[in-house]
Every structure is written in structure tokens, then in C-alpha cells.
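The values are calculated or read from the model by the stated rules, or taken from the named source; none is laboratory data. Since we're looking at a predicted model, the values are computed, not measured. Backbone-built Cβ (ideal geometry, glycine too); neighbour counts: all protein chains shown. Side chains are part of the model used for accessible areas, which takes the heavy atoms of the whole protein and leaves out ligands, DNA and RNA. Shrake-Rupley method; radii C 1.70, N 1.55, O 1.52, S 1.80 Å.
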Protein chains: 2
Amino acid sequence: MGESAERDARHQARMQRKKAVVDEKIAAARDEYGLLLVHTGNGKGKSSSAFGMVARALGHGLKVGVVQFIKGAASTGEEAFFRRFPEQVRYHVMGEGFTWETQDRQRDIARAAEAWAVARALLADPDIALVVLDELNIALKYGYLELDAVLADIQARPAMQHVVVTGRGAPPGLVEAADTVTEMALVKHAFQAGVKAQQGIEF
Amino acid sequence: MGESAERDARHQARMQRKKAVVDEKIAAARDEYGLLLVHTGNGKGKSSSAFGMVARALGHGLKVGVVQFIKGAASTGEEAFFRRFPEQVRYHVMGEGFTWETQDRQRDIARAAEAWAVARALLADPDIALVVLDELNIALKYGYLELDAVLADIQARPAMQHVVVTGRGAPPGLVEAADTVTEMALVKHAFQAGVKAQQGIEF
């Protein structure tokens, strides 16, 4: 077989495999299952979009779990608000603020492990329709948590449970595993123009 | 010094430099005033991020106004949820669904004008800390509303009031006038792989 014919055959085999994958996806198109969503990028809206989804889920009478991995130092408006609904929302704030505030890597690692234990419990609970893992990407980026272990727990969750992971710098393995990935890109930001972070907007 | 201790020390030095930069930026940002934020792009999270900000504002005890310009046809989870707080949220659903549903341009223009009259009232009320103009960009893109008139009303609002405008295809004049603009970019979407739009995630 000549080089060209061999190349054609390889191409055909590859296209057949691709068609099989596409056909399988189309066949699966009717399925409903829990999605893994990732909100990343340098722009605003990664966390607030996840919290908008929490409001949406609560509107549908669903139960929600939230784990905030990093922002624990500041009491945010979302936390104050969603804690008003203890029957529908399990809200956990872990960590002790951003890493440039703590400046202690070993303590950050220990806190991240504690936070993940809480997340695992939510990811194992079929009554929870939506799990928000806020700023998990930061904990992964700094190596505070192992991606493989995190992904294994996420993939072992109940079939109908949705998971949203937020934070800058989502690792490629997480993007690969996700169903839906949105990059919030900064076009311009008032902070660049010297405006203070403001209550109700930034925190 | 062992490898791990060295890594920790490097981490600490890096975080100290980062904290100095962040602190300097915060000190430099003296002004506080109401911001105009725009959420645009083809990705997810434009509206849900605005609704996350609503939750945040409610957590701070602030009052919020919402005008949904286009999505009126569907009763969403957010609407069901935020209507539970009539003392804090003025929630207006205008329009009659997406334009490819109505297929009547003159009716859409009339509905957009009615919606803008409601928005103007919110933009004139200093008790409202945050006004969400959901899918306003679509009404502007189709020419249902005049950008100049819309911007004049937005710019005449109370000094401390924040405004969030959402929707694909934000017009350049709006981006120019905005303090903060985020483009939600689609990296990948479960719908591309054939998954049905799901309650609590898409609507």
C-alpha cells in the first residue's frame, strides 16, 4: 500500500471513529444529567454567576450546597443572604482569605483539605441538586489540592447533581472534564480607573 | 533548607509582594460612586451574574430593581425566587419572549418602550441601590430602543446607584460609557454536545 493510500485509510478510520463519537453524542442528546460547569477568566462574574444559579435553583425549590474555598476572611453579601434559607442552602465558608493575606502555605493546604472534606460530603448527597465550589480553581492552581482526587470525587457524584467550579486559572484537566466552560474576560474594570471596591458590587 | 521549606519561603515572598501591590491599589482607589456594569458575550453567566449581584445587594439590606426586557415569556427560577422579597426587590418582566417567538417588530418596539418607562422610574429612584436591565442589549441591538436616550437616562441616575446591563452584543457606545465590562466567552457548552437545557441551570 502506497504512502498516500495509507494516509487515506488512516484518515477514513479516524473519521469513522469521529462519526461514532458524534453519533453517540447525538443519541445521548436526549439525556438529562448533572452538569459540571466551570467559570474562569480574569473578568468579573465568576462567583456572582454561580450565586445567580443558586437563586435560580432555590426558585425551583431545589437544595443547594456552597463551599467557599478562599474568600472566607470577608463576610460577603451572598453569604448573609443565602444563610437566610438554612432548609434549602448548606453554606460553608472555608479558608481564611486570599493567599496573599495568609502568607502561610502549610496552613492554606490544611484548610483546603478541610474544605474538600466538606465538599465531598455535599458531592455524595443526592438531595443536593447544585454544589457551588467557589474559588476552588485557586486552591488547585496553588497546588493546595490534587486535581485527580478532586475530579474523582466530582465524577462520582449523584447522576442528577450539578456542580459549578469558579476561580481564575481553571486547570486544563478540569476544563477537559467539564460540560460547560465560560471564560469571564475583563474588557474594562472600574478598579483599573481607581474606584474603590464597593458594597453590593464587589463583595 | 529543604526543597519544601524553600518552596514555602518563595511562596511567602511572592505573596508579600502581591499583597503590597494590592494594598497600594486599594489605597489609591478613593472614589465611591454608582457603577455602570455591562455583561456581554456569547457565553453563559451574563444574567445569572447580575442575579448573583442582586443576592449580594439583598444581603447588605439594599433595595433592587429588575427589568427583564426580553425573557418575559418564560417564568424563570430567579423570578420565582426574588419575588419572595417584595419589600426589597421590584421585579418587572416585560416583553413577550425572544423575537423569533413573537415575529412582530412593531409590537416588540412598543413593549420595549413600555419596559424602558419602567426602567426610567427605577433609575430615578434614589432608594434603589442596584438596577438590573436584563437583556437590554438585545433591545438595543434590534433597534427597539435608542441608545442615546437610554444612556441619557442611565447617566442621570442617583450618584450612588449601580446599574447592570446584560445581553449579547453590547453596543460600542454602551461599552464606552460603562465603568466595568465583562465579556462572557463560550469555551464549551453542554448544549453543543446535545444535552437538553436543564431546570436550575439554563432557566
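Taking each residue of the range B:48-65 that is in contact (Cβ under 8 Å) with a residue 40 or more places away in the chain and open to solvent by less than 10 Å² (accessible area, probe 1.4 Å) and looking for partners that are in a helix (DSSP H, G or I) and among the acidic types (Asp, Glu) with beta-carbon atoms closer than 7 Å, six or more apart or interchain, yields B:Phe51/B:Glu78. Applying the criterion of being surrounded by fewer than 22 Cβ atoms within 10 Å (Cβ to Cβ) and of a type outside the set (A, V, I, L, M) to the residues of the range B:109-133, the residue that is modelled with the lowest pLDDT is B:Arg111. Please tell me if A:Leu37 is crowded, with 24+ Cβ neighbours inside 10 Å, of a type in the set (A, V, I, L, M, F, W, C) and at the interface with another protein chain (Cβ under 9 Å from one of its Cβ atoms). Yes.
Counting the residues of the range B:17-45 that are farther than 28 Å from B:Ala159 by Cβ, in contact with a helix residue (DSSP H, G or I) (Cβ under 9 Å, 6 or more places away or on another chain) and at pLDDT 75 or above gives 2. As a summary of the residue check, B:Arg84 satisfies the conditions (1) modelled with pLDDT of 75 or more; (2) outside any loop (DSSP other than H, G, I, E, B) except for the one numbered (2). Among the residues of the range A:134-149, write down those that are touching a helix residue (DSSP H, G or I) at 6+ places or on another chain (Cβ under 7 Å) and either buried (at least 17 other Cβ atoms within 10 Å of the Cβ) or not aliphatic (A, V, I, L, M) (or both). Once the filter is applied, which keeps residues that are touching a helix residue (DSSP H, G or I) at 6+ places or on another chain (Cβ under 7 Å) and either buried (at least 17 other Cβ atoms within 10 Å of the Cβ) or not aliphatic (A, V, I, L, M) (or both), the range A:134-149 yields A:Asp134, A:Glu135, A:Ala139, A:Leu140, A:Tyr142, A:Tyr144, A:Leu145.
Of all the numbered requirements in (1) more than 14 Å from the chain's Cα centre (by Cα); (2) part of a loop (DSSP other than H, G, I, E, B), B:Asp153 misses one, and that requirement is (2).
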